[in-house]
């Protein structure tokens, strides 16, 4: 057997590579040895394989070249299910499941197909067919249809302009509520973090009621004024606005940013600014509550206090919330608002747009 330089170099690389498959290395070594002249028996003894193995791969290389050292295509096991069964599965997966179910399972699809095509099929086989087609009827992703508001971007830009360039001497407040904060205590104490192991927390807990909080964030200073409320309605909300109005020095212009919560858009609340001339209320567009900076404060409060907190009672929860607010105000700094209130434009991947607010 005569090897061309290119073919020999390719086989030598296969033998030397640590990533080559064992069978590919063996076949390459057989061909390289055959090119040096020994008989099949000598090669078989040297590589500790059968003579027929040497003869097979030597002949395959002679007939097909390097491609002959690959595994030949196999017919495989014949399909147990015809195309009509696969079509039935594909047609069933996007359809509505039988009443009262809301999503398909592999077992339910198998039963439906068996009833229509008279071809028994297992749930696991249905899963393999769906996976091959990248169909996942058991998974659901939520999405939100934005209300048709032609002035969406104009209203968003007004809110952002107020954050980025507040009127001189004015007070800008972002007000929002966080309702039904659960006071829960774990039935057994947890375990602190250790090297290689996170904090462990008992799964079972006891309920001790809930508390609701309304907060007014001064976007220019970062300070927050909070109050625990019994009800989240327009009367309670406007009473909180009245207390804010009394707490702020007379003569100061006040701008308030609100989202579209029910207590913020009620008729009673919308009538309130008319009785308070120095108040200017700005509502965020529908489905854009993230424009309210109060959400940033609540996000931090949830992560630091609520999410993994352990509260012996509702009063204990309220005490810890108030302690967090006091500590927050001692070192408060304004959030640096970086969203400009304009539609996003395409930018290079290595320079994504900054659309979040950061605290510095």
**Complete:** Of those in segment 123-135 that are without any contact (Cβ under 8 Å) to a residue 40 or more places away in the chain and either exposed (fewer than 13 other Cβ atoms within 10 Å of the Cβ) or within 17 Å of residue 258 (Cβ to Cβ) (or both), the residue farthest from the chain's Cα centre (by Cα) is 124
**Complete:** Every listed condition ((1) surrounded by fewer than 14 Cβ atoms within 10 Å (Cβ to Cβ); (2) part of a helix (DSSP H, G or I)) holds for residue 324 save (1)
**Message:** Taking the conditions exactly as written (touching a residue at least 40 places away in the same chain (Cβ under 8 Å), within 30 Å of residue 278 (Cα to Cα) and touching a strand residue (DSSP E or B) at 6+ places or on another chain (Cβ under 8 Å)), does residue 157 satisfy them or not?
**Reply:** no
**Asked** Being more than 24 Å from residue 225 (Cβ to Cβ), touching a strand residue (DSSP E or B) at 6+ places or on another chain (Cβ under 8 Å) and modelled with pLDDT of 90 or more, is that true of even one residue in segment 333-340?
**Response** no
**Asked** Of all residues in segment 191-209, how many are surrounded by 12 or more Cβ atoms within 10 Å (Cβ to Cβ) and touching a residue at least 60 places away in the same chain (Cβ under 8 Å)?
**Response** 3
**Prompt:** Quick check, is residue 143 closer than 30 Å to residue 299 by Cβ, assigned to a helix (DSSP H, G or I) and within 27 Å of the chain's Cα centre (by Cα)?
**Reply:** no
**Message:** When you check residue 174 against the structure, is it in the same structural domain as residue 294 (by TED's automatic domain parsing) and either within 30 Å of residue 227 (Cβ to Cβ) or over 26 Å from the mean Cα position of the chain (by Cα) (or both), yes or no?
**Reply:** yes
**Asked** Within segment 58-78, restricting attention to residues that are modelled with pLDDT of 85 or more and assigned to a loop (DSSP other than H, G, I, E, B), which residue is surrounded by the most Cβ atoms within 10 Å (Cβ to Cβ)?
**Response** 70
**Fill in**
Filtering segment 18-47 for residues that are surrounded by 12 or more Cβ atoms within 10 Å (Cβ to Cβ) and part of a loop (DSSP other than H, G, I, E, B) leaves a count of 2
**Complete:** Taking segment 36-73 and keeping residues free of Cβ contacts under 8 Å to residues at least 12 places away in the same chain and at positive phi leaves 37, 48
**Residues (surrounded by 13 or more Cβ atoms within 10 Å (Cβ to Cβ) and either in a helix (DSSP H, G or I) or touching a residue at least 24 places away in the same chain (Cβ under 8 Å) (or both)) located in segment 92-106** = 92, 93, 104, 105, 106
**Request:** Evaluate the following for residue 282: is it part of a helix (DSSP H, G or I), surrounded by 14 or more Cβ atoms within 10 Å (Cβ to Cβ), on the phi < 0 side of the Ramachandran plot and in the same structural domain as residue 199 (by TED's automatic domain parsing)?
**Result:** no
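The values are calculated or read from the model by the stated rules, or taken from the named source; none is laboratory data. Everything quoted here is computed from the prediction, not taken from an experiment. Note that each Cβ is placed from the backbone with ideal geometry, even for glycine, and that neighbours are counted across all protein chains shown.
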